[in-house]
There are 2 protein chains.
Amino acid sequence: MAVTIHDLARMAGTSTATISRVLSGKRGVGAAKREAIMRLAQEVGYTPNRIAQNLALNKSHVIGLVAAALDNPAYVDFFRRIHRAVHDKGYRVLIADSELDAEKERQNIATMREHRAEGLIVFPVHDWRAAGKAEHFLHLRVQKFPVVIVGRLDDHGLDAVTSEQDECAATLTRHLIELGHRDIAFVGSDPSNRCIAERQAGVERALSAAGLTLRTENIVPDQPGWVEQLETLLRRPDRPTAVVYINDVCALMAHPMLLRLGLRLPADLSQVAFDDSIWSRYLTPPLTTTAERIEEVTARTLEVLFARMEDPDGPAVRHRVAQEVIFRNSTAAPHR
Amino acid sequence: MAVTIHDLARMAGTSTATISRVLSGKRGVGAAKREAIMRLAQEVGYTPNRIAQNLALNKSHVIGLVAAALDNPAYVDFFRRIHRAVHDKGYRVLIADSELDAEKERQNIATMREHRAEGLIVFPVHDWRAAGKAEHFLHLRVQKFPVVIVGRLDDHGLDAVTSEQDECAATLTRHLIELGHRDIAFVGSDPSNRCIAERQAGVERALSAAGLTLRTENIVPDQPGWVEQLETLLRRPDRPTAVVYINDVCALMAHPMLLRLGLRLPADLSQVAFDDSIWSRYLTPPLTTTAERIEEVTARTLEVLFARMEDPDGPAVRHRVAQEVIFRNSTAAPHR
DNA sequence: GTGAAAGCGCTAACAC
DNA sequence: GTGTTAGCGCTTTCAC
């Protein structure tokens, strides 16, 4: 087995207390002894056992990160930032993937608690209006466990940080209206998903403020064949002059079809979307879209989490971070 | 503080040993007692303290994942798969980001060891021919610590799993040669990086087998202005008829410039690259590129890791996983 | 079947 | 300054 603090004590002809003191940089040890112990530890390749240390201190030095789906590239930057900040405060991060399964999510949270994570950052799996059973979140709240819910509106009364979806959608839409568009289609309708619902609501709000109504053709990108549906729509003589996609990926997927149709972009069709995926700026034309302010979401998240870890009582806070609208060249005035 | 096994023992009027036995599903406890204890634990919301358990068992149930750069989207799928498999075996994953800094990498590995991770998966930061100081890897080897190095050729004699870069590069190149290309440019030269060097070597091998030589114009995509350099090259009358990019991102970044030049693709210029980024198939025309077989890399990695955890001795194994070449429509015969 | 007690490796009073 | 000792919460022999 690995060398322990006892071994060191024996070798150095001293006590475990002294060893502990020098290793954790506490004062009250003679310089000579301290020096000798440091060197000894170095020589024998002593590696402190954090498990034992954590048990003794009743701390874990661990922050748990529970992701709804680990394979979502949108998380990546967030992870990195969280990781860095947390690390700088002396914490490690234990990661768990809920694989879009609420039961796994429950399990993951339980596991985190067993490992005595000192704080939790959760991207919940669900965000439905018809909120299912989410007792695990209620438990967390009742027990005042430090946790912040990220990216979902259903915060169950816990601390939460989300990006606003509504205002940026409205901005995007107003932009189209100002260019002269009157016939705007929306691709991607799943109103049971709150995030999508908010985006759609923002679009409709801007439209109705201008006395217009949304053209929802029930093209839902989760279903196969939706690109063909969109193609059919765009072939009609009364086709829309602009389309709002629920996210960049949809715009990307539709792009080859648009070219096949011989549409000149953006002259013949204006397009806007959400999420600012990496490739969006390289599309031809570059796509006008919205971007989450990840650095701010991260900052708020950590701020809230650490504050809560200090003070488990106190009312839940809820942050909504504004999204940025990035205007590129995928829109133009309609020529009709 | 949370309720402990002692509290349960007291409440149930029994001993900690018995509680421990039923909670860890061991036999040798009366059915009635067992039942009662289970219910009690449930009622009071007992959460086992894994820290204490791990200390007693001298296990950590933790696998460490040390990433060179956590914000690389290419990792994402790998992470997910690793996570899932590891979880299924009853392990948690502790994650660390080296932020492309060798010193942080050293630190991360040290931390993992302090936390008594039972196995390590490392994406090393460096992979240079002029290998710098990598003592931390040597230590791991000397101490027979279970670790597998992923994605880098510099494996320091440790277990390793990498994707082959050479053969797929040759395949890509042969494909261009067979189409009739004789003048092929290579974008992205940094021979000190082993992965890039291998790709370039593969290209050159295929070329020289056909009696051709590579056109390296020293366009290195890390430097600003490289797209303009490429543009200059493509404006020359003796411009190449095909280009091999070191990765998809380069192809993507160059794309708008190609359109501006009025090149018809792929008729006027054939293009191939590496990495099969998500958007590559949606480019117009869809990009011919190579893809790592992530599922196989993952499988090999876990196989090797768990084998090593069982048997710390035994010679290091080294797997090279073949890459897949995905032919799409970004190439054509040159019309000259 | 069940309980007492000795650790696991480390920390932190409390003595000296 | 330095050592002694009693835990931290759990597991596991070893008796009974």
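The values are calculated or read from the model by the stated rules, or taken from the named source; none is laboratory data. If you're wondering where the values come from, they're calculated on a predicted model, not measured in any experiment. Counting neighbours? That spans all protein chains shown, and the Cβs are built from the backbone with ideal geometry, glycine included. The area values use the complete protein model at the heavy-atom level, side chains included, leaving out ligands, DNA and RNA. Shrake-Rupley method; radii C 1.70, N 1.55, O 1.52, S 1.80 Å.
Checking the stated criteria, B:Glu35 turns out not to satisfy the condition of being more than 10 Å from DNA strand D (Cβ to nearest atom) and under 18 Å from A:Glu114 (Cβ atoms).
Residues that are aliphatic (A, V, I, L, M), more than 13 Å from every other protein chain (Cβ to nearest Cβ) and within 16 Å of DNA strand D (Cβ to nearest atom): does the range B:123-131 have at least one? No, the range B:123-131 contains no residue that is aliphatic (A, V, I, L, M), more than 13 Å from every other protein chain (Cβ to nearest Cβ) and within 16 Å of DNA strand D (Cβ to nearest atom).
Hey, does the range B:296-319 have a residue that's assigned to a strand (DSSP E or B) and open to solvent by 40 Å² or more (accessible area, probe 1.4 Å)? So far as the range B:296-319 goes, yes, one or more of its residues are assigned to a strand (DSSP E or B) and open to solvent by 40 Å² or more (accessible area, probe 1.4 Å).
Annotation for the range B:59-70: no member residue is at pLDDT 95 or above and within 8 Å of DNA strand D (Cβ to nearest atom). The number of residues in the range B:255-289 being within 14 Å of another protein chain (Cβ to nearest Cβ), of a type in the set (Phe, Trp, Tyr) and touching a residue at least 24 places away in the same chain (Cβ under 8 Å) comes to 1. Residues of the range B:3-18 that are surrounded by 14 or more Cβ atoms within 10 Å (Cβ to Cβ) and near DNA strand D (Cβ under 7 Å from one of its atoms): B:Thr4, B:Ile5, B:Thr16.
Specify which of the listed residues (B:Val62, B:Val44) is away from DNA strand C (no atom under 16 Å from the Cβ) and either surrounded by fewer than 20 Cβ atoms within 10 Å (Cβ to Cβ) or among the hydrophobic types (A, V, I, L, M, F, W, C) (or both).
B:Val44
Set side by side, the residues B:Arg21, B:Arg50 differ, and just one is open to solvent by less than 70 Å² (accessible area, probe 1.4 Å), within 11 Å of DNA strand D (Cβ to nearest atom) and of a type in the set (D, E, K, R), which is B:Arg50. The combined condition, being within 13 Å of DNA strand D (Cβ to nearest atom) and within 14 Å of chain A (Cβ to nearest Cβ), is fulfilled by B:Ala56. Can you say whether A:Tyr75 is of a type in the set (Ser, Thr, Tyr), within 30 Å of A:His126 (Cα to Cα) and more than 15 Å from DNA strand D (Cβ to nearest atom), as far as the supplied structure shows? When the stated conditions are applied, A:Tyr75 passes them. Within the range B:99-120, one or more residues are within 7 Å of another protein chain (Cβ to nearest Cβ), farther than 17 Å from A:Ala96 by Cβ and surrounded by fewer than 18 Cβ atoms within 10 Å (Cβ to Cβ).
Test A:Leu94 against the criterion of being in contact with a Gly (Cβ under 7 Å, 6 or more places away or on another chain), within 30 Å of A:Ala291 (Cβ to Cβ), open to solvent by less than 50 Å² (accessible area, probe 1.4 Å) and within 8 Å of another protein chain (Cβ to nearest Cβ), and give yes or no. It is true that A:Leu94 is in contact with a Gly (Cβ under 7 Å, 6 or more places away or on another chain), within 30 Å of A:Ala291 (Cβ to Cβ), open to solvent by less than 50 Å² (accessible area, probe 1.4 Å) and within 8 Å of another protein chain (Cβ to nearest Cβ). Taking first residues from the range B:1-25 that are touching a residue at least 40 places away in the same chain (Cβ under 8 Å) and partners that are more than 8 Å from DNA strand D (Cβ to nearest atom), the Cβ contacts under 7 Å between residues at least 6 apart in sequence or on separate chains come to B:Val3/B:Val44.
Only one of the listed residues (B:Ser280, B:Ser330) is within 17 Å of B:Ala169 (Cβ to Cβ), part of a helix (DSSP H, G or I) and not hydrophobic (A, V, I, L, M, F, W, C). That residue is B:Ser280. Of all the numbered requirements in (1) without any contact (Cβ under 8 Å) to a residue 40 or more places away in the chain; (2) within 11 Å of DNA strand C (Cβ to nearest atom); (3) of a type in the set (D, E, K, R), A:Arg39 misses one, and that requirement is (2). Scanning the range B:112-144 for residues that are farther than 24 Å from B:Val297 by Cα and in contact (Cβ under 8 Å) with a residue 40 or more places away in the chain gives B:His115, B:Arg116, B:Ala130. Annotation note: of A:Thr16, A:Thr4, the sole residue that is within 7 Å of DNA strand C (Cβ to nearest atom) and more than 14 Å from every other protein chain (Cβ to nearest Cβ) is A:Thr16. Taking the criterion of being open to solvent by 40 Å² or more (accessible area, probe 1.4 Å) and assigned to a loop (DSSP other than H, G, I, E, B), the residues of the range B:255-266 that qualify are B:Leu261, B:Gly262, B:Arg264. For A:Asn72, the criteria (1) more than 22 Å from A:Pro146 (Cα to Cα); (2) more than 19 Å from the chain's Cα centre (by Cα) hold in every case but one, which is (2). One residue stands out among those in the range B:233-254 that are more than 14 Å from chain A (Cβ to nearest Cβ) and in contact with a Ser or Thr (Cβ under 7 Å, 6 or more places away or on another chain): the one that is most open to solvent (accessible area, probe 1.4 Å), which is B:Thr241. Against the definition (under 30 Å from B:Asp7 (Cα atoms), more than 9 Å from chain A (Cβ to nearest Cβ) and in contact (Cβ under 8 Å) with a residue 40 or more places away in the chain), how does B:Tyr46 come out, yes or no? Yes.
The residues in the range B:180-195 that are more than 20 Å from B:Asp248 (Cβ to Cβ) and assigned to a helix (DSSP H, G or I) can be counted, and the count is 0. If I filter the range A:206-230 down to residues being assigned to a helix (DSSP H, G or I) and open to solvent by less than 30 Å² (accessible area, probe 1.4 Å), which single residue comes out as farthest from A:Leu269 (Cα to Cα)? Per the stated criteria, the residue is A:Ala206.
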